Structures are given as structure tokens and as C-alpha cells.
Amino acid sequence: WCIRVWKEGAKGKAWPRCVVIKYHTSPEGQSLSWATDQDGRPCVFSPGAYINNRSLMPCQEPPIAMSTWQAAIHVPHGCMALMSGNPVTMETTATDTDKGRYCTMDVPLPCSTLAMAVGYFESMEGRSAICPTKDGPAEPVECRMIAVPSIIDRASDELLSYVPGFIEASCELLGPYPFSRLDLLILPKCFACMGLKNPNLVFLSQSVLAGDGSIRVRVAHEISHAWFGLLIGAKDWTEEWLSEGFSTYIEERIQARAEKVNPGCAKKKNNSLRELRQLLRYRALSAEMDETDENLQCLRSRASLSPNEEAKPFTVVKNGQICSKKWTQVHYLKGYFLLHHMAAMVGLENFERFLYEYVQHYQGQLVTSEDFFQYFVCKFPNVSQSVKDEFFLEWLESPGLPKCLRSKKFNVKENALIAAALKQFEFWRKQDNINKRNKTMNIKRRKQPEAEPLEHSEQIVLMLEKLVERDALMHTTLRQLNRCYNFSTRNCEIRHRWCELVVKNKFTPFLDDVKHFLIEDQGMGIYLFGELIISGQARQRAMAEEVFEQIGAEMDRCTYQTVSDMIRGNSSSDS
């Protein structure tokens with residue numbers, strides 16, 4: 001349905017300054033997620049990026065339909081209301097039982113960037129980031145951490161002190177910060193992604209609280225969306241790589257600058273860590289290509305436009321409600337490698353300078369891939385115009401890995417961090433063979449094998465991924481592995497791989513680890529539900545159904561539908 005405020009072909013003498021639409025919405029509308037927070041109290045938030053707030057307010061969905069806005073929220077006393085706009089200080093007209101909050105957004109943005117959250121939150125203020133402005137002196141950007149009382153201290157300790165540095169490092173790379181403040185909100189565990197950036201407000205999954213800061217780069221990723229996604233948006237809804245690919249590319253550079261990697265640390269080691277992370281992303285992208293429908297492997301749709309779309313381009317949101325699209329990382333990872341490919345063509349320093357100039361040139365606009373590629377070849381005259389055709393054909397419009405990625409090699413032997421991870425994989429592979437031999441020969445050995453420690457969480461992830469690829473592991477080996485690494489205390493990326501091992505090898509004594517992960521780390525997606533269901537073990541399938549019954553009511557519609565289809569055996573969740 002739609003609301004029309006004019007008649008086709010009719011032209012009035014003067015367009016009204018204001019059109020008032022009186023409406024009410026329903027609590028069942030999918031634009032609002034009603035949840036129970038970590039302290040057992042009610043909370044509501046709006047993940048507008050999926051269905052564009054369509055059941056929260058009358059709005060136009062395509063990104064080109066941009067507008068400013070004002071809002072007033074009335075909430076019970078004791079609640080905190082947050083919005084993605086700028087707070088306005090003015091007298092409230094609320095009653096004795098509730099209070100009001102007023103917000104405004106003066107920058108025209110797509111309606112999907114309007115976000116709100118209401119709950120029994122507490123906040124902690126960090127130091128303000130000092131950021132350059134376009135024409136005047138540097139100005140402060142206020143930073144706050146917001147969460148429920150039981151986790152506010154932990155969230156602040158792990159993240160808040162790093163946020164101003166992330167913003168300042170981003171400004172060095174990309175230019176003045178587009179907004180005046182930044183609130184980071186830890187949402188209830190039912191929040192179905194790791195992070196979501198809106199103007200002035202970042203939604204975060206509780207899974208970013210790893211305890212050791214190893215998932216902190218996720219915050220850098222979300223901060224970079226202030227430039228890639230908000231200050232510069234994609235004109236075509238399907239070209240998400242123009243925001244997600246760019247943020248994935250720049251996040252590590254932001255973190256490295258902000259945390260000021262020890263200059264005494266060998267440059268080779270820093271490069272080794274960067275290459276290790278790139279290897280993990282390459283493995284993830286390769287796996288995506290094996291599991292994702294071909295039409296979702298492209299960064300830009302090749303489908304021909306209808307006559308109406310030709311006449312009014314960018315007015316239709318394509319694939320906006322295909323649930324399986326929500327779980328793919330193709331636009332993150334393929335876009336990331338495309339930008340690395342472009343950087344290799346012109347040199348890293350030159351490419352980073354180009355990105356800065358690109359942001360200054362296109363700020364406040366919506367762009368297409370054509371705009372970006374054309375700006376690239378204009379800035380680098382030595383690059384042939386024909387590379388644009390390569391970018392479009394090989395990277396954007398074709399499924400699968402581009403040719404240059406298919407032949408990509410990693411310095412596995414020369415990279416000390418990768419070599420150490422693979423050495424530990426070999427250690428546990430051999431230990432598994434020993435355990436199998438001991439079982440065959442009825443030899444009982446209780447001594448715990450002594451594995452070498454791995455310095456970085458990414459090394460443990462790589463080792464576990466290699467172990468998951470093996471046909472099977474002895475339960476004795478898995479028990480020894482867990483004693484060595486104590487997986488329940490590790491970050492969500494490591495625990496996810498551990499849970500994959502548990503499910504694949506039907507390691508029943510540790511199924512509670514999988515159950516805990518499905519409930520507490522919903523931002524990590526639904527892959528484990530599928531693995532439990534297809535495992536062929538009745539107990540594992542029953543646990544998936546039990547967890548779904550427990551948490552399904554608070555899942556967003558897309559997540560709920562996808563898991564429901566898995567359990568019922570439906571072939572598609574794209575309805």
C-alpha cells in the first residue's frame with residue numbers, strides 16, 4: 001500500500017509547505033523489536049535497516065528519498081530514550097508518569113537511518129574526541145557508552161576508552177567527523193547482528209564484549225560507517241559493498257592508528273597479523289561462494305530494468321526482503337578484496353590519499369559504483385580506462401571469485417603467525433592419531449598433551465577452522481583441546497568455531513556450550529542452527545528446536561522465518 005499526496009498528471013499552483021499525516025501503528029509491526037534486556041526488564045529498539053521503518057511511520061524506502069526530521073518520544077520515568085538525531089533541549093509537556101525527549105536531524109538522510117531505542121539503561125561518558133572541522137578549529141565529539149546496569153561497567157572498561165581514538169584516527173584517514181556525538185548502545189542478546197551504525201548512535205551486540213578487547217575492531221568498523229554509508233550512501237540499494245566493503249577495508253587501519261601499535265614491534269610482525277586476518281577473510285569468502293545462491297554472489301545486479309525503472313532509476317528496493325541475503329558476507333568480503341586489488345594497482349599510500357579525496361568530493365551525496373570507479377581512473381591517469389570494465393565484469397556482476405583472487409597466494413611459510421597456527425593444527429592432528437591408536441590398542445594415558453600457546457585469537461580461529469575441515473576427531477582429542485584453550489572464556493569468533501567442532505563430532509558432553517552460544521550470541525547469525533538440524537543426531541536436532549522455542553518470540557521476523565524454515569525443512573526462506 002502507499003499514501004499519495006498528489007494526483008498523477010495534476011499540478012497545483014503551489015506545493016504546500018507541510019503535509020500532515022495522522023496515523024497510528026501496531027506493536028506487532030516489524031519495525032520495532034520488543035525484547036527483554038540482560039537484567040530482565042523490557043526494552044524496545046528499531047532495526048530500521050531491514051524494512052526501512054515501514055511499520056513505524058509513513059516513509060519512502062529507496063535511499064534517494066532523503067529527508068530531515070524531528071521527533072518527540074514520551075517514555076516512562078526511569079527509562080532512557082535514544083535516537084539517531086541530535087537531542088534538543090526544551091521544556092517537556094510530559095505527565096507525572098512519563099518524560100519526553102526531543103530529537104532533530106538536520107542532515108537529509110534515507111529513512112532507514114532513523115533509529116530509536118528505549119529501555120532501562122545507564123550511561124557513562126568518556127573523553128570527547130577532538131576532531132577537525134572543514135573550515136574552523138577542531139571541535140569535540142562527545143562519546144558515551146550505554147547499557148543496562150549489570151553490564152555498563154564491563155562495556156565501558158572494554159570499549160569506551162578506545163572510542164575517541166577510533167574517531168580521531170578515522171578523521172585522519174577520511175576527514176572531519178560528520179556528526180556531533182556518538183552513543184554506543186549494547187542491545188539485548190536478541191539483536192541479530194554484531195553492529196548497526198546510525199547517525200550519532202551505534203547499536204552493538206553483547207558479543208563484542210569479549211573480555212580481552214579482541215572484537216574491538218567491530219567498533220572501528222561501525223564508526224567508519226559515519227563516512228561510508230551515512231556521509232556517502234549508495235544510490236542503488238543493491239550496491240551495499242560501497243559501504244560494507246569500504247568499512248571492512250578501513251577498520252583495521254583505524255584500529256592500528258588509534259591503538260598506536262608499539263613502534264618497537266617489528267613491522268614484519270604487524271604485516272604478518274594483517275595477512276593472517278586477510279587469510280581468514282579469504283577462507284570465509286571462498287566458503288560463502290560455495291554456500292550462497294549465485295545471484296547473491298554479485299555486488300551489483302545484472303538484471304534488466306523494467307520500463308518504469310528505466311524511467312525512474314533507483315526508486316525500487318531490490319531484494320530488500322530476501323532473508324538469506326541478511327546472512328551473506330559477500331558484499332563485505334568481496335568489496336574488501338576489490339579495494340585491496342585497487343590499492344595494489346596504485347600503492348597503499350596513494351590509495352589511502354585517494355579515499356580521503358573521494359570522501360571530500362562526494363560527501364553529502366549518494367553514489368554508484370560507476371561514480372567511484374570513474375573518480376579512481378580520473379585520479380590515476382596511468383590506470384587504463386579499461387580497468388573499469390574489469391571491475392564491473394569480474395568483481396561486481398559475476399558470481400564466484402574474480403580470477404585474480406582465485407590464484408591468490410599467502411606466504412604461509414614466511415608468515416610466523418600463520419605458520420605457528422598451522423603448526424598447532426598439525427600438533428592436534430597428530431595427537432588425534434595417537435588417541436585413535438591408543439584406543440585401538442586399549443592403552444590408557446591421562447597425561448595432558450603440551451601444546452604451544454598461540455598469541456593472537458585469529459591464530460586460534462585458523463587452527464580450529466582447519467580442524468573443522470577434518471572428517472572426524474576423537475572425543476578425547478576434543479576434551480584435551482578444550483583443556484588447553486578453555487574455549488568458554490574466549491571471544492565469540494573462537495567459541496563459534498569450537499561449537500562447530502562440537503556439533504560436527506557429536507561431542508554431547510559439550511552441547512551446553514552450543515546452547516549457550518545460540519542464546520547469548522544471536523548477533524553471530526544462525527549457522528549453528530542449520531548444523532544441528534542436519535547433523536543426523538536426534539539429540540542435537542531436539543536441542544535446536546528447544547532453543548528456537550525458547551528465544552523465537554524475540555527474534556526479528558527474518559531470523560525467525562529462516563530458522564523456522566530450517567526446522568520444517570523448507571528449501572527457501574526468501575519469503
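Nothing in this text is a laboratory measurement; each read-out follows from the coordinates by a stated rule. The model shown is predicted, which means the values in this text are computed figures rather than measured ones. Note that we place each Cβ from the backbone using ideal geometry, even for glycine, and neighbour counts take in every protein chain shown.
Among the trypsin sites (Lys or Arg not before Pro) in the stretch 59-149, which ones are in a DSSP loop with at most 13 other Cβ atoms within 10 Å of the Cβ? Mind listing them?
Details: sites: Lys99, Arg101, Arg127, Lys134, Arg144; in loops: Arg127, Lys134.
Answer in residue order: Arg127, Lys134.
Once fully extended, how much extra length lies between His74 and Gln360, figured as 0.36 nm per residue of separation less the alpha-carbon to alpha-carbon distance?
Working: separation 286, 0.36 × 286 = 102.96 nm, distance 3.82 nm.
Separation in residues times 0.36 nm, less the Cα-Cα distance, equals 99.1 nm.
Based on the Cβ-Cβ distance of His516 and Val346, what FRET efficiency does E = 1/(1 + (r/R0)^6) give at R0 = 41 Å, to the nearest 0.05?
Working: r = 47 Å, r/R0 = 1.14.
My answer for the efficiency is 0.30.
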_Fewest-first sequence of Trp327, Trp428 by Cβ atoms within 10 Å of each Cβ_ = Trp327, Trp428
_At 222 nm, what value in deg cm²/dmol follows for the chain if DSSP H runs of at least 4 each add -39500 (n - 2.57) and the sum is divided by all its residues, to the nearest 500?_
-13000 deg cm²/dmol
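With a sphere of radius 14 Å drawn around the Cβ of Pro140, what net charge do the other residues whose Cβ falls strictly inside it have (Lys, Arg +1; Asp, Glu -1)?
Values: positive: Arg127, Arg144, Arg181; negative: Glu125, Glu139, Glu142, Glu168.
Result for the neighbourhood of Pro140: -1.
Among rounded, prolate and oblate, which fits the stretch 134-258 when a ≥ b ≥ c are the square roots of the eigenvalues of its C-alpha gyration tensor, a/c under 1.5 means rounded, and a/b larger than b/c means prolate? Intermediate results must be reported in sequence, preceding the final value.
Working: a/c = 1.67, a/b = 1.25, b/c = 1.33.
Oblate, because a/c is 1.5 or more while a/b does not exceed b/c.
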*Which of Met345, Pro42, Ala538 sits farthest toward the positive end of the charge dipole of the chain, with +1 on the Cβ of Lys and Arg and -1 on the Cβ of Asp and Glu?*
Ala538
_Let me see the P(r) profile for the stretch 33-230: every Cα-Cα distance counted, bins of 10 Å, each bin given as a percent of all pairs._
9, 35, 39, 16, 1
*For Rg/Rh (Cα atoms, Kirkwood Rh), the listed values are [x] 0.97; [y] 1.03; [z] 1.14; which was obtained by calculation from the structure presented?*
[x]
*Calculate, in whole percent, how much of the Cα-Cα pair population of the stretch 117-191 lies beyond 22 Å.*
30
*Sequence-distant or interchain residues sharing an amide H contact under 5 Å with Asp521, placed H: which?*
none
*asked:* Using only the alpha-carbon atoms, how far is helix 241-258 inclined from the longest principal axis of the chain? Give it as 0 to 90 degrees, nearest 10.
replied: 70
*Tilt relative to the chain, helix 538-551 - C-alpha long axis, 0 to 90 degrees, to 10*: 30
*Using Cα pairs closer than 8 Å and at least 6 residues apart in sequence, work out the relative contact order for the chain, in percent.*
13
_Virtual spin-label span in nm between Arg568 and Glu390, 7 Å along Cα→Cβ_ = 4.8
*Taking Cα centroids, how far is the stretch 366-432 from the stretch 497-522 in Å?*
32
*List Phe191, Phe548 from most exposed to least, where exposure is judged by having the fewest other Cβ atoms within 10 Å.*
Phe548, Phe191
_So for the stretch 486-574, averaging the separation of alpha carbon pairs under 8 Å that are six or more residues apart and normalising by length, what relative contact order in percent results?_
22
*At 4 °C and 1.567 mPa s, what whole-number value in µm²/s does Stokes-Einstein give for the translational diffusion of the stretch 328-457, with Rh from the Kirkwood sum over Cα pairs?*
68
*Once the principal axes of the Cα atoms of the stretch 486-574 are found, what is the range along each, listed largest first in whole angstroms?*
37, 26, 20
